[in-house]
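First up is the structure itself, then whatever we jot down about it.
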Amino acid sequence: MTVADVEQLQQDYLAQIASADLAGLEEIRIAALGKQGVISGLLKTLGAMSAEERQEQGPRINGAREAVTSAIAARKDALESEVLNARLAAEAIDLTLPAAASPQGSVHPVAQVMDELAEIFADLGFAVATGPEIESGWYNFTALNMPETHPARAMHDTFYFPDRNAAGEEMLLRTHTSPVQIRTMMAQKPPIRIIAPGRTYRSDSDATHTPMFHQVEGLVIDKGITMAHLKWTLETFVKAFFERDDIVLRLRPSYFPFTEPSAEVDVGFTVEKGKRVIGGDPTGPNGGWMEILGSGMVNRKVIEHCGLDPDEWQGFAFGCGIDRLAMLKYGMDDLRAFFDGDLRWLKHYGFSSLDVPTLSGGVGA
Amino acid sequence: MKFTLSWLKEHLDTDASLTEITDRLTAIGLELEGVENPADVLRPFKVARVIEAGPHPNADKLRLLKVDDGSGTPWQVVCGAPNARQGLVGVFGPPGTYVPGPAFTLKPAKIRDVESFGMMCSYRELEMGEDHDGIIELPEDAPVGTSFADYAGLDDPVIDVSVTPNKQDCMGVRGIARDLAASGIGTLRPLVIADVPRSGAGPDVRTDDADGCPAFYGCTVKGVTNGAAPDWMQARLKAVGQKPISALVDITNYVMLDLGRPLHVYDMATLSGGLVARKAKEGEEVLALNGKTYTLDASMTVIADSAQVHDIGGIMGGEHSGVAETTTDVLIECAYFDPEQIARTGQKLMLTSDARQRFERGVDPAFLDDGLAIATAYVTQLCGGTASEITRAGTPPVEARTVSYDPAYCAALGGIDVSATDQQAILERLGFAVDSGETPWTITVPSWRRDVSGKADIVEEVVRITGIDAIPSTPLPRLPGVAKPTASPAQLQERRVRRLAAARGLNEAVNWSFISDKEAAPFGGGDWTLANPISEDLKVMRPSLLPGLLSAAKRNLDRGAGSVRLFEVGRRYFKAEDGTSLERATLGIVLAGDKLSRDWRSGKAQAFTAHDVKAEVLALLDAAGAPAAKLMDFAPDAAGPGGHYHPGQAATLRLGPKNVLAAYGTLHPSTAKAFGFKPVHGAVMVAELFLDGIALKPRGSAMREAYAPPALQAVTRDFAFLVDAKLAAGDLVRAVKGADKKHITDARVFDSFAGQGVPEGKLSLALEVTLQPVDKSFADDELKAIADAIVKAAGKLGAELRG
């Protein structure tokens, strides 16, 4: 075979490959490169050639083999990807159809705020204490320096049970979280730093009062604690909770039987877009004061009731409404909705399970 | 407590502005509730003279006036008042003025085609009375052009403060003035007590109840005329919301508001003999001045004559002996009642009054003579008559009380440094007598400060008057290092289950702790029922979290919710043996409506099943720290889950036979019906996790148990058993797992089938068993031995391996 013949042969095969389908391609491969194939046959002839001939024909024939081999591979790839593309095109789906929805769970704002409080106060060294909600009159009133005839006792709108405990004391629903102060002081040696969040009850029901609500109590008992520490603690807490530095507090002298001196605490607010927002200048045109806390130095009689010496141990206590804190921070305006269990409300005002309050991430979710 | 600025200034000599005074009131603990000046709305009205009055061209009953209000140009005013006439001096509101009575703003108008500018006003139009017969007529010499509010002396702001229960002294205007003076805003004027000429013996009064009424002072005034009180007194009473009644009644009210000293005046004509303060007889009745009849008991103090009770001592007088216009002889009572008794009686009778508010805080026991003298002087001045001598029965508790006080305690407790000199000055201005000769000081408490008994009270006074806002802010001492963890194991558990439940798609609700009797009944009723619930719906302390959750779920379905997944973390309330409360931490779940709404892939909506709620329970128990591997399913029995569950679709998970950690399943259809669920709502799934039954480990070492994943791969083998249809699958799984504890790491039911090919009364259960080789891969004979052991263990439960 002449050199030209080999070249012609190669051209013919390439032309056939270019238009072959997958089955044709295999036939061509067998015809050209199979054991009995034409090009395989040519390769076999090389052995019988003279050295000069082989030098001339060898590269030509090998060249033809390589060209045909790679053309077949390339054509095969192309054909296979055509088939794949066709299949993929046939497999197209509508991804605008909705994915499976997973139910959206939520944490109640009251629980979230309690977690926030625990986080803030943990940084100040406060533990979280709890106590029973069904209390005796002794813990709820008497130990807190409210004897039976105390006018403040009547002001508490107490829910009573007909029952008495083994000690003969009247049983009632706690009207505040303050009995936890007593229980803590009786159970634990000072120094004490606790907050006590929980459910509290008063027989009151209107737009801003529900018969059940949540309070948080704070108590510090140590040596050398003064009202100046109380003031700092409240300022620090309120600024951390509302996550603003421009918050101002105003302490007003007041009266609680279990603290002396006592102070009510107002926080400055400003009106933004028709809503009261904690922070800003309370004396400015859109500003004002609102009461958020009651506080004071723990009354000496209360410390004595708990078996401690008020000349050795003293400290402060404060209490405030958790539902109200939540409303002021997150903007709900109806307290009753907190206890209605309306899924629409819970999903809107509730928190994701991942919104765990942390100091590094910010206590607000 | 309301008072007017001019009233305050009768006791307080001050140049301070109204705002300075009101700010200071709040600052010293008399929180300002409001301040209102009745003159504000009347300020644009002027004293004006009608200089011309002629007929209206188009109306007989109307007059056409020219009115001079001092502004220069007379106004043309159409007026319909019958007394509108030339020369009348009255009150004129120019155009643009808001008229409070009819509540409109005056605009120039045409009345029957004649232009009219402004209005001559009646008293009713200015909300100063009911008089609407004609326009106001002022004296001829009233200065035209001046503000009517100024002319009529109405420019007197009314201040309202809230007085805390400890402040007995501020239940009268004078006490408030004393506090303000102490704070440096002026000086307290001396109290003038007029000398009343007296003749004749005092009345026959005595006290037989030395505890309830330790002192009963009284005198008579004979020959009085009980007309109206003078204008100034009426105006002050009206300004603070008291309705003037008659001179005698108004005097007692005025002295009470002015000096915090309640009094009572009896019409002597209605009395039979002398008056005695005594304990009431059980069941004795009295018709009080408020028109209601009260039944008294033997703990209450009354004032009575020989015939009947005339006064619920210190709280409210009786209707029968009250003074009237015709009264001529009166007995004035000035008594001291025991504060605790007054409080108890008031609470029992549910009766509040201005007198009770004062007596239960405590009135000044050293002020009986002066109080009676002042009241008697008013009576004789305003009503005439002759006063008798005073009868003094009993003795008020006037013993001086002293407090030992070290001025350093102010800084030690109050956190503010106030010099000893300043402290002493403040205390003395408040009426304390301070002997500062040596430390500690001896401080004598004034008779009107029953609330002050110890050194902390003294600090309170100093801090309050100095200004509580002046206290510095001092950081709490901080322990070195990063803040220590403070949450208890129970608190951590609660946080974990709450956040996991929310992560699993459940919404947290907070429901009432109290429920109705009806709601509590299916759950065995409650241990605690309120004596004074606000409604029948909120009465019984819940024995279960489910009633609240079910009601909430029902409300949501009624509002159109398709799917309800609610949970609550809270307490159930029981009674301990010693009568105290046993409150058990619990997590409740309700699943209602559709589990999946209809969907383009899965077709029809899918309902919740008991296995769905089981999945929640197991996940949450695990998060709560329950040992999952040791939990056992128990079919319903005496320990649970209770009659509110479907008896065939509910179970409990326990650690041992008694310790129930959770109950779950389908709600009993009768209970569902009782909560208002309808068949269309489908079955309701519920669960309760009894968190307090889970033993919590205290925070331990952070170090984990050593572990390396096994080098050899686990293999699985499937076993299909034919079992009795009643066999619990859980029992079979437990038996299979127990067949070779060394190698079997898991056994899982992957098929449960009854029907074609499975005999009647039987069930085919297929298990995939995971086998973990330990040292070397399993040989065939080892695998066969394990399989044989599995089949044998299953066989003990009557299970046959299917061919």
Discussion item. How tilted is helix B:546-558 with respect to the longest principal axis of chain B? Cα atoms for both, answer in degrees (0 to 90, nearest 10).
Written reply: 80 degrees
Fill in: Length-normalised contact order for segment B:578-667 - Cα pairs under 8 Å, 6+ apart - percent
21 percent
Response to the item:
Computed from every Cα-Cα pair in chain B, P(r) in 10 Å bins starting at 0 and rounded to whole percents is 2, 9, 12, 12, 12, 13, 12, 10, 7, 5, 3, 2, 0, 0
Worksheet item: Relative contact order of segment B:66-183: what whole-number percent is it, with Cα pairs under 8 angstrom and at least 6 residues apart?
Response: 23 percent
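How much length would be gained if the chain were fully extended between B:Asp637 and B:Thr105, taking 0.36 nm per residue of separation minus their Cα-Cα distance, in nm to one decimal?
Working: separation 532, 0.36 × 532 = 191.52 nm, distance 7.86 nm.
That works out to 183.7 nm of additional length.
Other chains' Cβ within 10 Å of A:99-106 residues: what's the mean? Present the calculation step by step, with values, prior to reporting the outcome.
Working: counts 1, 4, 4, 2, 9, 5, 13, 7.
Rounded to a whole number, the mean comes out at 6.
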Item to complete: Identify the residues of segment B:84-122 with backbone N under 13 Å of a label point that sits 7 angstrom from the Cα of B:Lys66 along the Cα-to-Cβ direction, or state none.
Response: B:86-87
Fill in: Pairs of alpha carbons in segment A:171-229 whose separation is greater than 18 Å (percent)
46 percent
Worksheet item: Magnitude of the Cβ-charge dipole of segment B:429-501, K/R +1 and D/E -1, about the Cα centre, nearest 20 debye?
Response: 800 debye
Worksheet item: Say the cut-off is 19 Å between C-alpha atoms; which of A:Lys223/B:Lys167; B:Lys741/B:Lys792; B:Lys630/B:Lys776; B:Lys630/B:Lys726; B:Lys2/B:Lys292; A:Lys223/B:Lys484 go over it?
Response: A:Lys223/B:Lys167; B:Lys630/B:Lys776; B:Lys630/B:Lys726; B:Lys2/B:Lys292; A:Lys223/B:Lys484
Worksheet item: With contacts defined as alpha carbon pairs under 8 Å and 6 or more residues apart, what's the relative contact order of chain A in percent?
Response: 16 percent
Item to complete: Could you work out how far apart the two model spin labels at B:Arg802 and B:Asn659 are, taking each label as a point 7 Å from the Cα in the direction of the beta carbon, and quote it in nm?
Response: 3.8 nm
Item to complete: With r as the distance between the Cβ atoms of B:Ala411 and B:Met350 and R0 = 35 Å, compute the FRET efficiency 1/(1 + (r/R0)^6) and round to 0.05.
Response: 0.15
Practice prompt. Would you work out which of B:Gly757, A:Ala122, A:Gly198 lies farthest towards the positive end of the dipole of the protein assembly as shown, given +1 charges on the beta-carbon of Lys and Arg and -1 on that of Asp and Glu, about the Cα centre?
Written response: B:Gly757
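I'd like to compare B:516-524, B:66-74: which one has the highest average count of other Cβ atoms within 10 Å, and what's the full order after that? Can you show the working numbers first?
Working: B:516-524: 17.7, B:66-74: 15.9.
So the order, starting with the most tightly packed, is B:516-524, B:66-74.
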Discussion item. I'd like the orientation of helix B:247-259 relative to chain B: the angle between its Cα long axis and the longest Cα principal axis, in ° from 0 to 90, rounded to 10.
Written reply: 60 degrees
Item to complete: For B:Ala779 paired with B:Asp150, estimate the spin-label separation in nm (one decimal), with each label point 7 Å from Cα along the Cα-to-Cβ line.
Response: 12.1 nm
Worksheet item: How would you classify segment A:309-365 from its alpha-carbon gyration tensor, with a ≥ b ≥ c the square roots of the eigenvalues: rounded for a/c under 1.5, else prolate if a/b is greater than b/c, otherwise oblate?
Response: oblate
Discussion item. As a test, work out the antiparallel percent of DSSP beta bridges whose residues both lie in chain A, rounded to the nearest 5.
Written reply: 95 percent
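Take every DSSP beta bridge whose two residues both sit in segment B:39-182, then give the antiparallel share in percent to the nearest 5. Working shown, then result.
On the way: 25 of 25 bridges.
Antiparallel bridges make up about 100 percent of those DSSP assigns within segment B:39-182.
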Worksheet item: If one computes the Cα centroid of segment B:265-318 and of segment B:450-506, what distance in Å separates the two points?
Response: 50 Å
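Please list A:39-51, A:343-355, B:764-776 highest first by mean number of surrounding beta-carbon atoms within 10 Å per residue.
On the way: A:39-51: 13.2, A:343-355: 18.0, B:764-776: 15.9.
Result, highest mean first: A:343-355, B:764-776, A:39-51.
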Worksheet item: Which value, in Å³ per residue, describes the convex hull spanned by the Cα atoms of segment B:667-721?
Response: 291 Å³
Response to the item:
With the label point 7 Å along the Cα-to-beta-carbon line of A:Glu148 and a cut-off under 17 Å to each amide N, the hits in segment B:301-322 are B:301
Worksheet item: With r defined as the distance between the Cβ atoms of A:Ala89 and A:Asp5 and R0 fixed at 45 Å, what FRET efficiency is calculated, to the nearest 0.05?
Response: 0.55
Worksheet item: On the first, second and third principal axes, largest extent first, how far apart are the outermost C-alpha atoms of segment A:56-133 in Å?
Response: 104, 35, 17
Worksheet item: For segment B:408-517, what is the convex hull (Cα atoms) projected area averaged across all directions, in square nanometres?
Response: 15.2 nm²
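Please compute the average number of Cβ atoms from other chains found within 10 Å of each residue's Cβ in peptide A:244-253. Mind dumping the intermediate values first?
Numbers: counts 0, 0, 0, 0, 0, 2, 4, 7, 10, 15.
Whole-number average of other-chain Cβ neighbours for A:244-253 is 4.
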Practice prompt. Could you rank the peptides B:176-186, B:574-584 by their average count of other C-beta atoms within 10 Å per residue, with the highest value first?
Written response: B:176-186, B:574-584
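Rounded to the nearest 0.05, what FRET efficiency do A:Arg344 and B:Glu577 have when you use their Cβ-Cβ distance and R0 = 45 Å?
Values: r = 44 Å, r/R0 = 0.99.
According to the calculation, E is roughly 0.50.
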Response to the item:
In degrees rounded to 10, the 0-90 angle between helix B:18-27 Cα long axis and the longest Cα principal axis of chain B is 40 degrees
Worksheet item: Roughly how many nanometres apart are two label points built 7 Å out from the Cα toward the Cβ at A:Ala67 and B:Arg734?
Response: 8.1 nm
Fill in: Under the Debye formula (equal points on every Cα, no solvent term), log10 I(q)/I(0) of the protein assembly as shown at q = 0.06 Å⁻¹
-0.73
Worksheet, complete the sentence: Counted neighbours (other Cβ, 10 Å), sorted fewest up, put B:Lys673, B:Lys2, B:Lys697 in the order B:Lys697, B:Lys673, B:Lys2
Worksheet item: Relative to the Cα centre, what is the charge dipole magnitude of segment B:75-182, using +1 at the beta carbon of each Lys and Arg, -1 at the beta carbon of each Asp and Glu, and rounding to the nearest 20 debye?
Response: 240 debye
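Per-residue Cβ counts within 10 Å, from other chains only, averaged over B:453-463: what number is that?
Values: counts 1, 5, 4, 11, 4, 0, 4, 9, 2, 1, 6.
Average per residue, whole number: 4.
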Practice prompt. Take the Cα of B:Ala59, step 7 Å along the line toward its Cβ, and report every residue of segment B:124-138 whose backbone nitrogen sits under 16 Å from that point.
Written response: B:134-135
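Read-outs: derived from the displayed coordinates by stated rules, not from any lab. These figures come from a predicted structure and were not determined experimentally. Please note: Cβ atoms are built from the backbone with ideal geometry, for glycine as well, and neighbour counts cover all protein chains shown.
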